[in-house]
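To start, the structure under review is shown below, and the notes come after it.
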Amino acid sequence: LDKEMSEKLQMMPDLTLSKAVELVRQSEQVKQHVSEQGANASANLSEVAYKRQQHRERLTHIKRVALSAALTVKETSIFGPYNTLTHAVFKNVLTNVGNAYNGETGFFTAPVKGAYHFEVHILSPVGSGYTAGAALMKNGQRTFTAYESQTSNYQSSSNGVILVLEVGDRVSVSATPNSKIFDNQNNHSTFSGHLLFTM
C-alpha cells in the first residue's frame with residue numbers, strides 16, 4: 001500500500017475493512033491499466049520509428065538513380081535515316097544505378113517523383129543531306145531536340161533538359177526525320193540522365 005493511498009484511507013472515518021480492500025484493489029487496477037497504456041504507447045512509438053527508418057532507407061536507395069548508355073555494343077552501326085520520328089534503343093548500358101533504364105526497350109522509367117536531368121549526344125556521317133538529329137521524349141512527346149547539318153566529314157549534336165517526372169513517366173530518345181545516328185566501340189552517340197532530387 002503506497003503512502004498516497006494510505007492517507008486517503010485514513011481520511012475516511014466510516015471506512016470498513018471490506019471497503020478498504022475494494023478501494024485498494026481498484027487503485028491497483030488503475031495503476032496496471034496506466035502501466036499497460038504506457039507500454040503500448042512505447043511499442044507504438046518504436047513501431048513508428050522503425051517504419052520511419054525503413055522509409056528513409058528506401059528513399060536513400062531510390063535517390064541513387066543514374067544512367068548512361070551508348071547506341072551499340074562493340075560493332076559499328078548507323079541508325080536511320082527514317083521519314084518520321086523513330087524510337088532509338090541505346091543498347092550498350094554503361095551505368096544503370098537504380099535499374100530505371102531498360103537497355104532492351106530503350107526506355108527510362110521514373111521510380112520516384114522528382115527532377116531529372118537528361119542529355120543526348122549524337123554523331124552522324126555527312127552525306128546526301130542527312131542530319132545529326134535526335135529528340136528527348138517524355139511519354140512519347142518531344143521535349144528538346146539536338147540537331148546539326150554540315151556538308152563534310154562528321155557532324156555532331158547534343159542537348160539537355162531537366163524534367164519533372166511522376167512515378168512511371170518514361171523518357172527515351174528518337175531520331176528525327178532524315179537523320180543518321182552513328183556509333184561504334186568508342187561510344188560516340190549516348191543517352192544519359194540522373195535524378196537531381198525527389199519531390
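The values are calculated or read from the model by the stated rules, or taken from the named source; none is laboratory data. Nothing here was measured: the structure is a model prediction, and the numbers come from that model. Positions of Cβ are backbone-derived with ideal geometry, glycine not excepted, and every protein chain shown enters the neighbour counts. Keep in mind that these areas ignore ligands, DNA and RNA; they rest on the heavy atoms of the full protein, side chains included. Shrake-Rupley method; radii C 1.70, N 1.55, O 1.52, S 1.80 Å.
Based on the alpha-carbon gyration tensor of segment 66-198 and its eigenvalue square roots a ≥ b ≥ c, which shape applies: rounded if a/c is under 1.5, prolate if not and a/b is larger than b/c, or oblate? Write out the running numbers ahead of the final one.
Details: a/c = 2.16, a/b = 1.65, b/c = 1.30.
Note, shape of segment 66-198 comes out prolate.
What does the charge dipole of segment 134-199 about its Cα centre add up to, to the nearest 20 debye, if the Cβ of each Lys and Arg holds +1 and the Cβ of each Asp and Glu holds -1? Mind dumping the intermediate values first?
Working: 4 positive and 4 negative charges, 20 e Å.
That gives segment 134-199 a dipole magnitude of about 100 debye.
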Determine the dipole magnitude for segment 66-198: charges of +1 sit on the beta-carbon of Lys and Arg, -1 on that of Asp and Glu, nothing else is charged, the reference point is the Cα centre, and the result goes in debye to the nearest 20. 100 debye
With all protein chains present, segment 66-198 has a carbon and sulfur share of its accessible area (1.4 Å probe) in percent of 47 percent
Round to the nearest 10 and report in Å² the accessible area of LYS51, as given by a 1.4 Å probe over the protein chains' heavy atoms. 120 Å²
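So how do 181-191, 146-156, 24-34, 111-121 stack up, highest first, on mean other-Cβ count within 10 Å?
Details: 181-191: 20.4, 146-156: 13.9, 24-34: 11.5, 111-121: 18.7.
The packing order, highest mean first, is 181-191, 111-121, 146-156, 24-34.
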Whole number in Å², please: accessible area per residue of segment 66-198, 1.4 Å probe, ligands, DNA and RNA not counted. 47 Å²
Between GLN32 and THR84, how many nm apart are label points set 7 Å from Cα along the C-beta direction? 7.8 nm
Taking the Cα centroid of segment 92-123 and of segment 128-179, what is the distance between the two, rounded to the nearest whole Å? 14 Å
Which order, highest average first, do 173-179, 158-164, 100-106 follow once you tally other Cβ atoms within 10 Å for each residue and take the mean per peptide? 173-179, 100-106, 158-164
If the limit is 25 Å between Cα atoms, which of LYS51/LYS138; LYS113/LYS180; LYS63/LYS180; LYS74/LYS113; LYS74/LYS138; LYS138/LYS180 go over it? LYS51/LYS138; LYS113/LYS180; LYS63/LYS180; LYS74/LYS113; LYS74/LYS138
